[in-house]
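Reviewing the structure listed below.
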Amino acid sequence: MPHTNQGVFQKLINDYSNLESQYYDCKNKYFYNDEWTGGCDEFFTGFAYEADYIYQKANKLIGDINGMLISTTLEIPSKTERYSNMVNACQEIIRDLKYRFNNTLSLIEMSGGYLTDVEKRTVEKLSIYSAWY
């Protein structure tokens, strides 16, 4: 029977820890008391890109963890639960970022009436913009 490289488990844990840290850093940077603190330019030059990067990373990590859980039998139920909890937490990060992204973009559109061509092209090329959540 083949053996699993134990480093894979630690890498997933480290990747999740880094993702969580980036998510909270982004959230604290742009949303004080859960309210958008940046301006219109800051959304398009900072938050949109950071949120998209974290969004993509979270989706990849979900796939990596689920792949590991499918291909590996963990003998200790608490370990399986730990990785399942990491998947759930990644899904929550995705939902929260998508909500914040959509809500803030809507507020910007309402305040200015429309997006410039550059702003529209910026958001349309982001994964988080076209995602269903």
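Observations on the structure shown:
- Picking from residues in region 82-133 that are of a type in the set (Asp, Glu) and more than 24 Å from Asp15 (Cβ to Cβ), the one that is surrounded by the fewest Cβ atoms within 10 Å (Cβ to Cβ) is Asp117.
- Check on Tyr99, farther than 26 Å from Ser130 by Cβ, among the hydroxyl-bearing types (Ser, Thr, Tyr) and modelled with pLDDT of 90 or more: no
- Residue in region 30-37 that is farther than 17 Å from Gln10 by Cβ, open to solvent by less than 60 Å² (accessible area, probe 1.4 Å) and at pLDDT 95 or above present: yes
- Filter pass, Thr73 being touching a Gly at 6+ places or on another chain (Cβ under 9 Å) and β-branched (Val, Ile, Thr): no
- Within region 22-34, the residues that satisfy the criterion of being of a type outside the set (Asp, Glu) and either outside any helix (DSSP H, G or I) or touching a helix residue (DSSP H, G or I) at 6+ places or on another chain (Cβ under 9 Å) (or both) are Gln22, Tyr23, Cys26, Lys27, Lys29, Tyr30, Phe31, Tyr32, Asn33.
Residue-wise test of (1) out of contact with any Ser or Thr (no Cβ under 9 Å at 6 or more places or on another chain); (2) among the charged types (D, E, K, R).
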site: Phe9; (1), (2): no, no
site: Tyr23; (1), (2): yes, no
site: Glu42; (1), (2): yes, yes
site: Ile76; (1), (2): yes, no
site: Met86; (1), (2): yes, no
site: Gly112; (1), (2): yes, no
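The values are calculated or read from the model by the stated rules, or taken from the named source; none is laboratory data. In this text, all values refer to a predicted model and were calculated from it rather than measured experimentally. All Cβ positions, glycine included, derive from the backbone under ideal geometry; neighbour counts span all protein chains shown. Keep in mind that these areas ignore ligands, DNA and RNA; they rest on the heavy atoms of the full protein, side chains included. Shrake-Rupley method; radii C 1.70, N 1.55, O 1.52, S 1.80 Å.
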